[in-house]
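Input: a single structure, listed below in structure tokens.
Computed from the coordinates by the stated procedures, all read-outs in this text should not be read as laboratory data. Here the structure is a predicted model, which is why all the values come from computation and not from measurement. Cβ coordinates were reconstructed from backbone atoms using ideal geometry, including for glycine residues, and neighbour counts include every protein chain displayed.
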Amino acid sequence: MANVPKKVAVIGLDCALPRLIEKHIADGHLPTFKKLIDGGVIAENCLVPYPTVTPPNWASIATGAWPGTHGITDFHYHKPGTTPVNTNCIQAFDSQLCEAEYLWDTADKAGKKCIVLNYPGSWPSKMKNGIVVGGRGLALGEHRGGMPAMFNRARLSNDMLITTGFFPRGIKGKFSEAKGWKNLPKKENEPLEL
């Protein structure tokens, strides 16, 4: 019997150029990417929906459906029953606009635990046992769902930003020797924690 994995991680990079990732792996700059690819699967030569913009592409990946099925057909979503002008269009970063079921919702119904980290268009979540962090825009702390044109709200607060420098409302941290960590790969440098 084949070894069936118990956990799956899907990593998507918005606007990443595969040839540059491959180049940086070959140059030795992305050892973790190399390890992930060597031990897993990389999707090459994928067919993406057009237009090749964030909301319809990420919805297609997460549902397995084409834009005509899931309903996210562009960066913006025209509010039904209104005149198709810019003021009646909103950004398509809201999971409630998607008419197909997300893979994590299917897994959640089957009793699997899912963690969705900053997946564009994944908020709000319908999962009962899963966790969604971010997903309201292109970056953590950004909100684009339901907003017109290219507007967004970004919130940086003391519970979201930890830095070694100074940033208003951020928590300033300092690196120190890592203690109590297990199963770390052997490295040239000792690990640090913040």
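Figures for the structure shown
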read-out	value
Footprinting exposure proxy for 60, 122, 95, 176 (fewest neighbouring C-beta atoms within 10 Å first)	176, 60, 95, 122
Pair residue 13, residue 183: separation of 7 Å Cα→Cβ label points (nm)	2.5 nm
Candidates 99, 177, 22, ranked by Gaussian network fluctuation over the chain, Cα under 10 Å, top entry	177
For residue 91, residues with placed amide H under 5 Å, excluding near neighbours	77, 146, 147, 149
Structure-derived P(r) over Cα pairs in 10 Å bins from 0, in percent: which label, when the choices are (i) 8, 25, 32, 25, 9, 1, 0; (ii) 9, 39, 40, 10, 0; (iii) 8, 22, 27, 23, 14, 6, 1, 0	(i)
Approximate spin-label separation residue 44-residue 133, in nm, with each point projected 7 Å along Cα-to-Cβ	3.2 nm
Value of [θ]222 nm, deg cm²/dmol, for the chain, DSSP H segments ≥ 4, -39500 (n - 2.57) each, nearest 500	-5000 deg cm²/dmol
Magnitude of the charge dipole, the range 47-172, Cβ model with Lys/Arg +1 and Asp/Glu -1, debye to 20	420 debye
Relative contact order computed over the chain (Cα-Cα under 8 Å; 6+ residues apart), in percent	12 percent
The range 1-74 - percent relative contact order, Cα under 8 Å, separation 6 or more	18 percent
